[in-house]
Structure formats: C-alpha cells, structure tokens
Amino acid sequence: MEVHTFGYDRKKYWSVKNRPRIDSRRTLVLLFGSSSFLDSADTLSELADDYREAIVIGCSTAGEILGTQIFDESVSAAIVRFDHTDLRLASAPVQSADHSFSAGQEIARQLNDSRLKGIFVLSDGLHVNGSELVRGLNSKVSPSVVVTGGLAGDGDRFQRTWVLQDRRPQAGFVTAVGFYGDRIQIGHGSKGGWDRFGPERCVTRSKGNILFELDGRPALQLYKEYLGERAAGLPATGLLFPLALRSDESDSKSLVRTILAVDEREQSLTFAGDIPEGALAQLMKANFDRLVQGASEAASSTKLSTDGGPCTLAIAISCVGRRLVLGGRTEEEIEATLDVLPKGTRQIGFYSYGELSPFATGTCDLHNQTMTLTTLSEAA
C-alpha cells in the first residue's frame, strides 16, 4: 500500500511538483475542497485526469484538513494505491430529504457482494436526511461491513454543497467507494466532548428531521430563548448549541443533532438527521478542552478497531460547529488525532455538516458535532 497527501492553494498552486504516478484500478483518489469549485472545476478535473483508472471521490467542505493544518478555498488530496484491496464506485441521486433512504439502499445495492468489507460515503450536505441515508444503507448491508463517511459542507453559509459525480462537482448526489478483500483494515472512531445544560425535554411534535415542538412549545421560540442575542445569526449560531438525543430514559446511547435551517413561519428547526417524536432532547454547549480530548479519544478508538499497518491513511471528518466553537484552537483537535495514531500516518479530511460512523461498534449512525476518524491500511 502506498499513500500520498498534498494540497492545492489558489495562489501557490499544487504543493507537489510531480504527482505520484500510481494510477491503477486499485488506486483511490480523495479530494476535499471549497464549495466555490462548483463554479470552476478545472483544478479538480486536472487532478482526476491524471488518474483515469482510479476511483475518484470527494466533496465540498467547511474547511479542508491536510496533516495538522486547516485551510479554506483550497483542496486537500490523498492518492492511495492498495496492493491487495479491490475498489468499486457507487452513486445515487438525492434531490430532497425524501430520497435519502432509497439513495442509501441504492448505494448498498451497487456495492454489495460477499467480499465487501467497508464503505466510505460522501453525501450532498443540504438535500439529505442523514439518518434516513444511513438507515437505507444499514437495511441492505451486512452488519459486519464498516460504513463511515460524511455530509458535504459549505462553510457557515448553508447555501450549496457538492460531491464528485462522474469526476465533476455536482449537487444532489451521494457517492461511495467499497473496499473488498481480506487484507483491508478499516478503523473507525467518533467522539464529541460537549457539555449538556438545561432540562431534558420531550419531542412532542416532529416530522422526519424537522422539529416543531419540545414539551409542547414551539422549538424555534425555545431555541431563541437560550441563544439570546445570538438568535439573530441562526442557523449558523445554532451550531454552537446542538441537541443531545436519546430514545428514552433507559437509552444509554446519545446521538447529537445540529441545525441546518430554520422556518420562522412554522417556528421549526431542520436538523441533519431524524428527530423522532417521543425522544428526549437536551441542549449542549462547548467545553474547549473536552472537544480536543474527544478528538484524541476518536483516534484511540480507531486503534481498538484495527491493528493498523506500516502505511496508514487517516480521514478526519469533524463538524463545522466544532470549528466555529474552537476558533483559533481548532488545529489542536487534528493535532490530537495524529498524536495518537501510528507514527507516519498521513491525514486529510474536512469539516462537515454530519459525520457517519458506528457509535462504538455495530452498524453505522449519523453523528453531528463529533470528530469522526476512518483509518485505511492493509494487513501485511
């Protein structure tokens, strides 16, 4: 297995003079870039054209991760050639949240076979219900298959996102790569680090990923009371106060949900994933040190789920809300992951509108406001 990572800056061009000549059917090209590349895709096409046999996937971001640095209006790239692992590409349209479940099923249908070991998924970040996408995938994929990935971002603007479809950035698609064979090792970890505050409230009216009422009160009105002056900046400021969600009082597993949009007329909030009626919801706020510690714990989890290898790629997908909260300390969380991962690990990734990973073990879940890591290596 051979791994190369490098970046592109509009002023400095590519960070490497000569891109690695490792094009093959077992080569994976990963690209994470600004949403502005939706207007001018030449840079992305130039790189993809160097790897005509390879699987090429990527998406827009709320910040690009390369090593221990974070960039905007750039591209972070990884080129990976596997020695023993076969790859397959899948895609499906997702023009609205209603198509999310069927898109997940279609991705699974295209990738399923007895040798499938893992799926890495990248999705449109605005027109998808991430919970339903994951539910569609899980309904057709064996529980032994590791599913990870993320939802594309657009900074704190929430206007447009893209994924690479037919090697060009396009909105309204889900794409994925499947990994096949006995030598591929896929590690995963997902941790938060937020503090809960205020009472736990019951979801009394919702539909899919739209929340209308908590404890019988309009959800948006309640949120605004907690946000105070910051309410004027919704939905972006809502990223600073995500919801912790659990099915009932006996549920020990808590998923985090973050806001994508608000509706003043309906007094509702739209989230990246489902908010089931009857669920218990509690507001959360940032704890800087615990957010960074959460990233470190995510990296530790990847080591528990795989033996790793002498050559490892780490794909770090962290929520845009974490970046907004951490501000100038954001790079601390991606430094923390590399401090834990095997020496020599190459890391790229992006800030997202949702993270896909098993909670700890088992099938995939949609997460928000977490640092989610996927590691790829091959057994010797």
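Considering the chain as a Gaussian network with a 10 Å cut-off on Cα pairs, which listed residue, Phe158, Phe197, Phe271, attains the greatest mean-square fluctuation?
Looking only at Phe158, Phe197, Phe271, the largest GNM fluctuation is found for Phe197.
Which of Gly328, Gly181, Gly278 moves most in a GNM of the chain, Cα contacts under 10 Å?
Among Gly328, Gly181, Gly278, the largest GNM mean-square fluctuation belongs to Gly328.
Would you mind listing how long the stretch 195-284 runs along its three principal axes, going by Cα atoms, in whole Å with the largest first?
Dimensions of the stretch 195-284 along the principal axes of its Cα atoms: 36, 26, 21 Å.
Output the pairs from Lys253/Lys285; Lys253/Lys343; Lys191/Lys343; Lys191/Lys285 with a Cα-Cα distance over 24 Å in this structure; if there are none, say none.
Going by Cα-Cα distance, Lys253/Lys343 fall outside the 24 Å limit.
Using a simple charge model, +1 on the beta-carbon of Lys and Arg, -1 on the beta-carbon of Asp and Glu, nothing else, what dipole does the chain show about its Cα centre, in debye to the nearest 20?
Its charge dipole is roughly 460 debye.
Whole Å is fine, so just give me how far the alpha carbon centre of the stretch 108-140 lies from that of the stretch 273-296.
23 Å
Calculated from DSSP H runs of 4 or more alone, at -39500 (n - 2.57) each and per residue, what is the 222 nm mean residue ellipticity of the chain, nearest 500?
The helix-only estimate for the chain comes to -6000 deg cm²/dmol at 222 nm.
Most mobile of Ala279, Ala295, Ala97 per a Gaussian network model of the chain (Cα springs, under 10 Å)?
Looking only at Ala279, Ala295, Ala97, the largest GNM fluctuation is found for Ala279.
If one computes P(r) from the Cα atoms of the chain, what percent of pairs lie at distances over 37 Å?
Cα-Cα pairs of the chain separated by over 37 Å account for 14 percent.
Find how many whole Å separate the alpha carbon centroid of the stretch 13-52 from the alpha carbon centroid of the stretch 309-344.
22 Å
How would Phe101, Phe359, Phe82 line up from fewest to most surrounding beta-carbon atoms within 10 angstrom?
Phe359, Phe101, Phe82
With charges set only on the Cβ (+1 for Lys and Arg, -1 for Asp and Glu), what does the dipole of the stretch 168-235 come to about its Cα centre, in debye to the nearest 20?
200 debye
Readers should treat all values here as calculations from the given coordinates under stated rules, not as data from a laboratory. Source: prediction; values computed, not measured. Virtual Cβ from ideal backbone geometry, glycine too; neighbours counted across all protein chains shown.
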